[in-house]
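What follows is one structure encoded as structure tokens, with my remarks underneath.
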Amino acid sequence: MKKKTVFFIALIISVTTYINTCFSQVKDPGFNISGQLRADDPALLKDVVIQLLNATDKKMVKIEYADSTGRFTFEQIPAGSYVIATQSMIFGRYESAPFRHEKNTTAGTIALQVKSTALKETSVTAVKPFIQQQYDKTVLNVEGSISAAGSTALEVLEKAPGITIDQNDNIAMRGRQGVLIMIDGKQVPMSGQDLANMLRNMSASQIETIDLITNPSAKYDAAGNAGIIDIRLKKGKKSGTNGNASLSLSQGRYPKVNPSFNFNSKHQHLNIFGSYNYNYREELNDLTIYRQFYDENNAYTGGNNYQNFFKFRNNNHNVRLGADYNISKNVVVGFAANGMFNASNITTHSVAQSVDAHQANTGSFITLGDNYPGRNNRSINLNYKHTLDTSGRELTADLDYARFSSSEKQNYITRYYDIRQVESKTPYALFGDLNGELSIRSVKMDYTQPLKVIGAKLDAGVKSSWVKSDNDVQFFDRSNGGNVLDKGKSNRFIYKENINAAYVNASKKWKRLSMQLGLRVENTRADGFQVTNAETFNRNYTQLFPSGYAGYEFNATHDLGLSVSRRIDRPSYRELNPFKVFLDPLTSSTGNPFLLPELTNSFEVTHTFRQQYTTKLGYSRTRDNILTVLSPDEAPGAVIQTGRNLAKYDYYNLSFGFPVNIRKWLSSTNTALVYYGRYSGNLVNTDLNVSRVSFNFNSVNTITLNPVTTIEVTGSYESRSYYGFLDIGSFWFVNAGAQRQLWNRKASVKINIADIFFTNQTNAVTRLTGYGETFKQKRDTRVATLTFNYKFGGNGAGNIKRKTGGAEEEKRRAG
């Protein structure tokens, strides 16, 4: 595979060199166009976008930003006729008269005027809404959200439109599981509870934005058939040294504390950034379950009534440090190192009462657990960016290494009672020693080449990744005072995976029409080895993943776009791991080494009205859909949870995004989603053919009392829906918060109450051949939070080296 990787890299370099040779012509060295911005408050000029347009067709040539004094320069611009225009959330648009550029040109001083709607509340106007709808994604602006203060990343996602999290901590986007989670564009190699625990231990204070990408282009990894959630961490861009410190105190049923510190120091060519976050949280999970068993004639034979209570104590430290260095004007190198260190304690109290076919009590047991999981996650990224010329040619490269270590000591003791509550047999004592290591290495290179002859742009790249997972689980029976290895529960599982990928994207924009076509190829090799039984499995397959986008701008009011893609969702190493995990004497979970990856073909039409109101209509079909299924186990009255492949899943969706400015002091951002899912196939001797129309509504409302005081009210409703055999009931919740800025906006105080009416609860029913279950889950969701935030340092100008290229908008619209 190393030879394949070298071949891929050599191939992409050869192709891009050939393209560059074909389309390059004798270049005009060009001259500079410079100018000066002026405003009453110069500090506000740093976010003004300055555009250089062709005077004939108004096509974008280049984008620049002003420095701290308001001065800007477009460098090495060929001779021609141009127009200078500005865009800003604060200032009104400026557009110059056409001018001729032959040598160094001075545009003079451009005086910007604050928009009339923002004369009295300039800073408020510049605040981004919590939710922004775009063509290819939904952006959550976490940094400025009141309701996100003191929350975890998982809690922020729960408030997001179209995002749901079930009782097993699986994340679904618009009613579909199989979501790829990324942090700063890097895939997180976790799923289920491991992923949820990591997001629980990540504070919202570390996050700048979260992108919900429904139909990614070929540039992204092909994983994630339901879409991609990309969490973007804070990284300062201002000159000088600045940052912020915050402290959040929360109280639900249990307390939560979250201090954090972020800083950024930029001087000349060097930019250093870092953060530290500590998160202490006590959580609960109150789970009531009623299980029913049936014979081959569908006659009820008995069941179990469960009352489970889990309490979690988490101590999490999160450290981040990085730097960027401008070697020259066009070359930037950098690194970013992250560490997450978690020590937790989980206590469980599970009471189960067994009943016979006549609902008569036949006995009970109580399982007490005291577990101590620990997680140490470390990663480092080295990156390189070379802007080859002013036309937009660019080469980037990334090297990544990550290591995820886990250890857990588990202590369970189960006592059995007869119908008179007298102990009926010797207590069962089980001790578990669980250890795991997961290492990831990856190398990625991307190249951008403008094709000026045909007015298009080409993106291409290669990526290789190597994953190794080693999980060693040992359980010991201590019922009789000894320490006897339980070979039925103990095992060691080693999993290795290598993925090599290459992609090419071509995009072009005409006056009204824009198009993008892409193709990604991925070769996957996976090997699993179960040490105890010496069992192995192997996977080796190559898949093509085409994608495309076409958009047409009818006029200034209406835009229409169509996107298509093919994606894959591979089972995680935990889902493939074949040994059993003990939950209680009648409940266990196990992986399935025979799971196949699921493949999805997606189509989506997007319409925008007045650049504000977004409508999306989509359809997708998933083959070999992976479902987590509870079914009867070998022992009487026992169940086992495992992943299985379902033949197909058809999904239709219609969503609306509509911001409403009711008054100058009241704005509302709303998202409505209607979706229809149909599951078809046969699992565990049961024909599954279920479907339902479901509905989700999310609303974020901001009330501006004065320039320094705002109130935010958010609400969400999810109607009844299906997940395979699981029939999930509806739920809703309301959050409310207020923010007051202090000390000339250097500090702020936020207070927020999440799930005010304590309605964010899960109720569900499942039924298949021989088994049925009803459960209700409550968590510590009603929480009051008080947050104090202080910003320090100067208000230096933004990084004047931020270059977005002449076709950034086209790239965004192309997905």
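The values are calculated or read from the model by the stated rules, or taken from the named source; none is laboratory data. If you're wondering where the values come from, they're calculated on a predicted model, not measured in any experiment. For neighbour counting, all protein chains shown are included, and Cβ atoms are generated from backbone atoms with ideal geometry for every residue, glycine included.
For this structure, a couple of remarks:
- 2 or more residues without any contact (Cβ under 8 Å) to a residue 60 or more places away in the chain: qualifying strands (runs of 3 or more DSSP E) within the stretch 30-75: 49-54
Per-residue answers, yes or no, for (1) on the phi < 0 side of the Ramachandran plot; (2) out of contact with any Lys or Arg (no Cβ under 9 Å at 6 or more places or on another chain); (3) touching a residue at least 60 places away in the same chain (Cβ under 8 Å):
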residue: 305; (1), (2), (3): yes, no, no
residue: 309; (1), (2), (3): yes, yes, no
residue: 312; (1), (2), (3): yes, no, no
residue: 315; (1), (2), (3): yes, no, no
residue: 318; (1), (2), (3): yes, yes, yes
residue: 350; (1), (2), (3): yes, yes, yes
residue: 360; (1), (2), (3): yes, yes, no
residue: 369; (1), (2), (3): yes, yes, no
residue: 393; (1), (2), (3): yes, yes, yes
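- Enumeration of residues in the stretch 371-391 that are out of contact with any Lys or Arg (no Cβ under 7 Å at 6 or more places or on another chain) and of a type in the set (D, E, K, R): 375, 385, 389
- Some residue of the stretch 765-772 being more than 29 Å from the chain's Cα centre (by Cα), in the same structural domain as residue 600 (by TED's automatic domain parsing), of a type in the set (Val, Ile, Thr) and not in a strand (DSSP E or B): yes
- Among the residues listed as 541, 495, the single one being hydroxyl-bearing (Ser, Thr, Tyr) and touching a Phe, Trp or Tyr at 6+ places or on another chain (Cβ under 6 Å): 495
- Residue within the stretch 587-604 that is aromatic (Phe, Trp, Tyr), surrounded by 18 or more Cβ atoms within 10 Å (Cβ to Cβ) and closer than 22 Å to residue 768 by Cα present: no
- Evaluation of residue 733 against (1) at pLDDT below 90; (2) in a strand (DSSP E or B) (one fails), failing number: (1)
- Some residue of the stretch 204-221 being part of a strand (DSSP E or B), in contact with a Leu (Cβ under 7 Å, 6 or more places away or on another chain), of a type in the set (Ser, Thr, Tyr) and modelled with pLDDT of 80 or more: yes
- Cβ-Cβ under 7 Å pairs, at least 6 apart or on other chains, the stretch 761-774 side under 14 Å from residue 730 (Cα atoms), far side polar (S, T, N, Q) and part of a strand (DSSP E or B): 761/777; 762/777; 765/774
- The set of residues in the stretch 76-106 that are assigned to a strand (DSSP E or B) and touching a Phe, Trp or Tyr at 6+ places or on another chain (Cβ under 6 Å) comprises 86, 101.
- Subset of the stretch 757-815 that is β-branched (Val, Ile, Thr), over 30 Å from residue 627 (Cα atoms) and at pLDDT 85 or above - its residue that is surrounded by the most Cβ atoms within 10 Å (Cβ to Cβ): 787
- Which listed residue, of 485, 451, 438, is under 30 Å from residue 539 (Cβ atoms) and not charged (D, E, K, R): 438
- In this structure, residue 107 qualifies as aliphatic (A, V, I, L, M), modelled with pLDDT of 80 or more and either outside the structural domain of residue 670 (by TED's automatic domain parsing) or within 33 Å of the chain's Cα centre (by Cα) (or both).
- Selection within the stretch 313-333 - within 24 Å of the chain's Cα centre (by Cα) and crowded, with 18+ Cβ neighbours inside 10 Å: 314, 316, 318, 320, 322
- Residue match in the stretch 334-342 (condition: out of contact with any Gly (no Cβ under 6 Å at 6 or more places or on another chain), under 28 Å from residue 784 (Cβ atoms), of a type in the set (S, T, N, Q) and touching a residue at least 40 places away in the same chain (Cβ under 8 Å)): yes
- Pairs linking a residue in the stretch 429-448 that is more than 23 Å from residue 469 (Cα to Cα) to a residue that is acidic (Asp, Glu) and in a strand (DSSP E or B), with Cβ atoms under 6 Å and 6 or more positions apart or on different chains, are 448/394; 448/459.
- Filter result (outside any strand (DSSP E or B), touching a Gly at 6+ places or on another chain (Cβ under 7 Å) and over 26 Å from residue 457 (Cβ atoms)) within the stretch 366-424: 418, 419, 424
- When each of 661, 698, 645 is tested for being surrounded by 15 or more Cβ atoms within 10 Å (Cβ to Cβ) and either of a type in the set (A, V, I, L, M) or at pLDDT below 90 (or both), the lone residue that passes is 698.
- Of the listed requirements (1) closer than 30 Å to residue 427 by Cα; (2) out of contact with any helix residue (DSSP H, G or I) (no Cβ under 7 Å at 6 or more places or on another chain), residue 608 misses just one: (1).
- Only one entry of 518, 528 meets the criterion of being at pLDDT below 90, part of a strand (DSSP E or B) and assigned by TED's automatic domain parsing to the domain that holds residue 594, and that entry is 528.
- Set 622, 587, 614: member being among the β-branched types (Val, Ile, Thr), in contact with an Asp or Glu (Cβ under 6 Å, 6 or more places away or on another chain) and either touching a residue at least 12 places away in the same chain (Cβ under 8 Å) or within 30 Å of residue 222 (Cβ to Cβ) (or both): 622
- Residue 461 assigned to a strand (DSSP E or B), closer than 30 Å to residue 383 by Cβ and touching a residue at least 60 places away in the same chain (Cβ under 8 Å): yes
- Taken over the stretch 262-294, the residue count meeting the criterion of being at pLDDT below 90, surrounded by fewer than 16 Cβ atoms within 10 Å (Cβ to Cβ) and of a type outside the set (S, T, N, Q) is 2.
- Among the residues making up the stretch 346-362, those that are within 24 Å of residue 430 (Cβ to Cβ) and out of contact with any Phe, Trp or Tyr (no Cβ under 6 Å at 6 or more places or on another chain) are 347, 350, 351, 353, 354, 362.
- Selected residue [in the same structural domain as residue 298 (by TED's automatic domain parsing), among the aromatic types (Phe, Trp, Tyr) and within 27 Å of the chain's Cα centre (by Cα)] from 697, 757, 775: 697
- Positions within the stretch 459-477 being farther than 14 Å from residue 495 by Cα and surrounded by fewer than 18 Cβ atoms within 10 Å (Cβ to Cβ), in sequence order: 474, 476, 477
- Inspection of the stretch 550-557 finds no residue satisfying the criterion of being buried (at least 17 other Cβ atoms within 10 Å of the Cβ), in the same structural domain as residue 397 (by TED's automatic domain parsing) and of a type in the set (Phe, Trp, Tyr).
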